[in-house]
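What follows is a single structure, written as structure tokens, with notes after it.
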Amino acid sequence: MDQTQALEALSMLCRRLAGAPVLALTGAGISTASGIPDYRDTEGVRRGNAPMMHQEFVSSLQARKRYWARAMVGWHGVVQARPNPAHEALARLQAAGHVVSVVTQNVDGLHEQAGSRDVIELHGNLHRVVCLDCAATLTRAAMQTALEEANPSLQDVRAVLAPDGDAQLAARFLEQFTLPLCPACSGDRLKPDVVFFGDGVATHTARAALEATERAAVMLVIGSSLMAYSSYRLCLEMSRQGKPLLAINMGRTRADALLALKVRQPCEGALPWLADQLGAA
Ligand SMILES: [Zn+2]
């Protein structure tokens with residue numbers, strides 16, 4: 001696609017967004033420019049580590065150790081990540097009233113950092129930790145302190161970051177790893193407050209996302225292949241309500257057949273342009 005075609009596609013998208021309350025649905029593609037890796041390639045195929053399965057995490061101490069050891073060394077990559085121009089443009093569009101709801105599949109907290117309000121986080125937030133036994137919560141930063149205090153020998157290990165804060169780590173490090181216990185009940189089932197594979201979206205979050213479809217006249221999908229059913233079902237719901245679905249996405253999506261328009265451009269270039277055109281200061 002040459003530059004004229006790219007601009008023409010963006011202009012079409014802009015016309016369809018003007019004046020309509022927009023529901024923005026974002027996925028990993030909006031955070032790749034912030035250094036958070038994408039789960040899937042442009043064909044929607046998963047890459048990287050096998051995902052942590054919810055049931056395995058809940059039932060296996062070994063799985064929890066593996067997760068937290070990797071998460072400890074991968075955390076530097078998460079805390080260093082900053083919102084990019086796409087997050088910032090979306091926050092501007094929300095402040096100006098064009099975007100009425102932001103629903104995200106991401107767990108990185110970058111929308112809030114960029115200034116978006118009332119973000120509906122379908123898959124939770126990596127910056128919170130919850131005890132599965134007593135429901136106590138702590139910040140991920142406090143968990144990191146506990147992890148590093150319990151594992152001083154791992155502190156200087158740096159590892160390749162995966163999308164859910166997971167990382168690649170050699171088996172020999174896992175053998176030395178000590179899992180911090182819950183500060184409230186001393187249980188060993190502290191879990192990041194994110195939805196692992198095999199678990200469902202929290203009921204109140206799913207309801208909030210469905211309500212967001214009712215407030216919007218159009219949905220803009222940004223950087224998501226929509227392979228997760230929790231986001232795909234929102235597309236089905238918009239479609240059922242007769243509302244158009246638009247997308248800024250580099251690759252294939254599960255909802256391609258439902259899309260009125262798809263712009264194949266990096267969102268960190270497209271969204272700031274749209275925000276400027278729509279007069280979002
Ligand atoms: Zn506890």
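Among Met227, Ile120, Ala86, whose Cα projects farthest towards the positive end of the dipole of the chain, with charges put on the beta-carbon of Lys, Arg (+1) and Asp, Glu (-1)?
Met227
For Ser116, what residues show an amide H to amide H distance below 5 Å, using hydrogens built from the backbone and excluding near sequence neighbours?
none
In whole Hz and in residue order, list the ³J(HN,Hα) couplings for segment 271-281 that follow from phi through the Karplus curve 6.51 cos²θ - 1.76 cosθ + 1.60, θ = phi - 60°; x for Gly and Pro.
With the stated coefficients, segment 271-281 comes to 5, x, 4, 4, 4, 5, 4, 7, x, 7, 5 Hz.
What are the ³J(HN,Hα) couplings of segment 66-80, residue after residue, when phi is run through the Karplus curve with 6.51, -1.76, 1.60 and θ = phi - 60°? Round to Hz, x for glycine and proline.
So the J values, rounded to whole Hz, are 4, 4, 6, 5, 5, 5, 4, 7, x, 4, 4, x, 6, 6, 6.
What is the chain's relative contact order, in percent, from Cα pairs under 8 angstrom and six or more apart in sequence? Write down the numbers at each step before the final one.
On the way: 511 pairs, mean separation 78.9, N = 281.
Once divided by the residue count of the chain, the mean separation gives 28 percent.
Over the alpha carbons of the chain, what is the largest minus smallest coordinate on each principal axis, giving the biggest first in Å?
Rounded to whole Å, the extents work out to 57, 37, 33 Å.
Per residue, how much accessible area does the chain have with a 1.4 Å probe, in Å²? Mind dumping the intermediate values first?
Values: 12410 Å² over 281 residues.
About 44 Å² of surface per residue is accessible.
If the cut-off is 12 Å between C-alpha atoms, which aspartates and glutamates fall inside it for Lys243, apart from same-chain ones fewer than 8 positions away?
Glu214
Could you give the size of the charge dipole of the chain about its Cα centre, using +1 on the Cβ of each K and R and -1 on the Cβ of each D and E, expressed in debye and rounded to the nearest 20?
Working: 27 positive and 27 negative charges, 89 e Å.
The dipole magnitude comes to about 420 debye.
Using the Karplus equation 6.51 cos²θ - 1.76 cosθ + 1.60 (θ = phi - 60°), what ³J(HN,Hα) coupling, rounded to whole Hz, does each residue of segment 142-151 give in order, writing x for Gly and Pro?
Whole-Hz 3J(HN,Hα) from phi for segment 142-151: 5, 5, 4, 4, 4, 4, 6, 5, 7, 9.
How much mean residue ellipticity at 222 nm does the chain get from its helices, if each DSSP H run of length 4 or more adds -39500 (n - 2.57) and you divide by all residues, to the nearest 500 deg cm²/dmol?
Taken over the chain, the calculation gives -11500 deg cm²/dmol.
Share of segment 100-146's accessible area from carbon and sulfur, percent, 1.4 Å? Provide the component values of the computation, followed by the final result.
Numbers: 920 of 1770 Å².
C and S atoms contribute 52 percent here.
The values are calculated or read from the model by the stated rules, or taken from the named source; none is laboratory data. Nothing here was measured: the structure is a model prediction, and the numbers come from that model. Counting neighbours? That spans all protein chains shown, and the Cβs are built from the backbone with ideal geometry, glycine included. The area values use the complete protein model at the heavy-atom level, side chains included, leaving out ligands, DNA and RNA. Shrake-Rupley method; radii C 1.70, N 1.55, O 1.52, S 1.80 Å.
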